[in-house]
Amino acid sequence: MDLIIGSHVSFTKDKQLLGCVEETLSYGANTFMFYTGAPQNTNRMEIDDNKTKEAIKLMEENNIDYKNVVVHAPYIINLANNSDDEKWNFAINFLKQEISRCEKLGVDKLVLHPGSHVGLGSEVGIQNIIDALNIVLNRKTNVKILIETMAGKGSECGRNLDEVRKIIDGVDNKECIGICLDTCHLNDSGYDVNNFDKILDEIDNKVGLDKIYCIHINDSKNVCGAGKDRHENIGLGTIGFDSLINIIYNERLSNIPKILETPYVSIDDNSKDKIYPPYKFEIEMIRNKINNSNLISDIRNYYKDIIK
Ligand code: FE
Ligand code: FE
Ligand code: ZN
């Protein structure tokens, strides 16, 4: 089985899914993840079926398998806190529409941050998430909602595998629920990602390995258990290149899409607003299994030439 590797790409107004595929190909990737609009807001455009058709054709020509493509729900959607009824219902309705958009785009994996309880306590927060998901998933769909394992920042729910298990257990529509691992989040929430097989054993016991549909591959800026959530470029963080390679090439995860969400790189140390994607270079490192200690300067030189 070939490595299934890609990154977060952007879904823009004019190019939509076609733009996602073109960006993916420019990185030498064979899958991708996108938000159907800005990650931090809920404004969404109409899906253009012509663009989708063109995108599918381009995917077929380049052996990108549609079943490995992932959508990420915006992270402001919070199912865990229902103290404002209107907001909670808005989140539920948005998620219902997001599933419809996935169906229209032909994508069947939808990653979701479970949410933050914001003072209600994790037990109440988790129950709110379950209640919301049971409303959202109260119909037949091919789309699976993938609960992402969180870093445990602030009052985030889903900070460990027990909390994730509780959510999965509470959802009636078992066919439509799965999980998405994030290496940075696992590290930051206190799991030793150097021993990933131990984590996979625990997942196997608690929810089943067959519930994993996506893995976010990120290095971390913080030490194990820091309870933060700051992604770092591959090989430059506390997890390190070798551990990430071991996770990416772990045989128990061979058919699961690996998605990079590592930070964009500034063109030099002074201009923090001019930033460029690292993915072409990180994917190359991962495919070759060779750490690139010049990663940042290679990215800078490449984009300096391109923007000239
Ligand atoms: Fe996420
Ligand atoms: Fe993630
Ligand atoms: Zn994160």
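The values are calculated or read from the model by the stated rules, or taken from the named source; none is laboratory data. The model shown is predicted, which means the values in this text are computed figures rather than measured ones. Heads up, the Cβs are rebuilt from the backbone with ideal geometry, glycines too, and the neighbour counts pull from every protein chain shown. Protein only, heavy atoms only, side chains kept; ligands, DNA and RNA dropped before computing areas. Shrake-Rupley method; radii C 1.70, N 1.55, O 1.52, S 1.80 Å.
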Checklist entry - Only one of these conditions is not met by I77: (1) within 20 Å of the chain's Cα centre (by Cα); (2) in a helix (DSSP H, G or I); (3) among the β-branched types (V, I, T). Which number is it? => result (2)
Next on the checklist: I need a count of the residues in the range 128-148 that are assigned to a helix (DSSP H, G or I), open to solvent by 10 Å² or more (accessible area, probe 1.4 Å) and more than 24 Å from L186 (Cβ to Cβ).
Outcome noted: 3
Item to check | Inter-residue pairs, beta-carbon under 7 Å, first within 17 Å of Y249 (Cβ to Cβ) and within 16 Å of ligand 2 (Cβ to nearest atom) and in the range 183-209, second modelled with pLDDT under 95 and open to solvent by less than 50 Å² (accessible area, probe 1.4 Å), 6+ apart | outcome: none
Checklist entry - Looking at (1) more than 17 Å from the chain's Cα centre (by Cα); (2) over 25 Å from I77 (Cα atoms); (3) assigned to a helix (DSSP H, G or I), can you tell me which one D169 breaks? => result (2)
Next on the checklist: When you scan the range 56-63, do you find a residue that is outside any helix (DSSP H, G or I), more than 21 Å from the chain's Cα centre (by Cα), away from ligand 2 (no atom under 16 Å from the Cβ) and surrounded by fewer than 21 Cβ atoms within 10 Å (Cβ to Cβ), even just one?
Outcome noted: yes
Checklist entry - Going by the conditions given, is A55 at pLDDT 95 or above and not charged (D, E, K, R)? => result yes
Checklist outcome for this item: Counted residues in the range 226-244 being open to solvent by less than 20 Å² (accessible area, probe 1.4 Å) and either assigned to a helix (DSSP H, G or I) or free of Cβ contacts under 8 Å to residues at least 40 places away in the same chain (or both) come to 4
Next on the checklist: Please determine whether any residue of the range 156-166 is in contact (Cβ under 8 Å) with a residue 40 or more places away in the chain, open to solvent by less than 10 Å² (accessible area, probe 1.4 Å) and among the small types (G, A, S).
Outcome noted: yes
Checklist entry - From N89, N78, N93, N82, which residue is modelled with pLDDT of 95 or more, buried (at least 17 other Cβ atoms within 10 Å of the Cβ) and more than 16 Å from ligand 1 (Cβ to nearest atom)? => result N82
Checklist entry - Has the range 119-127 got at least one residue that is open to solvent by 60 Å² or more (accessible area, probe 1.4 Å) and either among the acidic types (D, E) or assigned to a strand (DSSP E or B) (or both)? => result yes
Next on the checklist: Restricting to the range 246-271, and then to whatever is open to solvent by 20 Å² or more (accessible area, probe 1.4 Å) and not in a loop (DSSP other than H, G, I, E, B), can you tell me which residue is farthest from ligand 1 (Cβ to nearest atom)?
Outcome noted: E251
Checklist entry - Would the range 274-285 turn up any residue that is assigned to a loop (DSSP other than H, G, I, E, B), open to solvent by 20 Å² or more (accessible area, probe 1.4 Å) and farther than 20 Å from C20 by Cβ? => result yes
Item to check | Subset of the range 169-190 that is more than 14 Å from ligand 3 (Cβ to nearest atom) and open to solvent by 10 Å² or more (accessible area, probe 1.4 Å) - its residue that is farthest from Y213 (Cα to Cα) | outcome: G190
